[in-house]
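Working notes, beginning with the structure itself.
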Amino acid sequence: MERLSISALNAMEKEEFVGHVGGVYEHSAWVADRVAEQRPFQDRAQLISAMRLVVETATDWRKLELIRAHPDLAGKLARAGGLGAESAREQAGLGLDRLSDDEFARFTDLNTRYRERFGFPFVICVRLTDKPGILQSFEARLEHGEREEIGEALRQIHHIARLRLGDAVEE
């Protein structure tokens with residue numbers, strides 16, 4: 001993805017703006033669509049704050065939709081090459097695309113247990129952890145209540161979005 005300046009983003013037509021930063025929140029271009037109306041932004045920090053606020057003030061249904069837009073970590077979709085470009089790059093950065101059969105089985109088991117418990121995928125910012133950290137978080141978060149886990153999933157999504165926006169927009 002080409003990195004653009006905030007002034008270049010501010011000058012874009014709405015569709016082009018959404019096309020450039022719409023993937024910051026996984027398969028949820030509605031976030032970028034809503035903040036496009038708030039331009040111009042002074043800097044990247046103001047843009048990410050605006051995007052975060054759109055998510056935080058969304059309906060509970062919309063928040064769950066955002067969480068559910070994320071793929072399983074090291075899941076079948078990843079093995080089949082079916083992830084979005086950002087997710088594929090992020091998971092590959094930790095080697096989650098090159099797991100042994102035993103590791104894949106463990107991730108599959110954890111993904112299944114997590115989805116059965118909460119009804120949405122486990123979300124973690126893989127760029128801020130490592131494989132052992134992911135596995136440890138999986139186990140710990142399986143003990144959370146639903147509200148606590150929705151909050152944690154959204155915190156992780158905001159970390160992911162902040163880093164992705166850093167990839168897309170120059171400071």
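The values are calculated or read from the model by the stated rules, or taken from the named source; none is laboratory data. The model shown is predicted, which means the values in this text are computed figures rather than measured ones. Cβ coordinates were reconstructed from backbone atoms using ideal geometry, including for glycine residues, and neighbour counts include every protein chain displayed.
Tabulated results
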item	result
Pair list, Cβ under 6 Å, 6 or more apart: region 51-76 residue over 22 Å from Tyr114 (Cβ atoms), other residue at pLDDT 95 or above and among the β-branched types (Val, Ile, Thr)	Met51/Val31; Met51/Val35; Val54/Val31; Val54/Val35
Residue list for region 96-154, restricted to those being at pLDDT 95 or above, over 18 Å from Ala69 (Cα atoms) and in a loop (DSSP other than H, G, I, E, B)	Leu142, Glu143, His144, Gly145
The listed residue being of a type in the set (A, V, I, L, M) and within 20 Å of Phe120 (Cα to Cα), out of Val24, Val18, Val54	Val24
Identity of the residue in region 63-95, aliphatic (A, V, I, L, M) and modelled with pLDDT of 75 or more, that ends up farthest from Leu53 (Cα to Cα)	Leu73
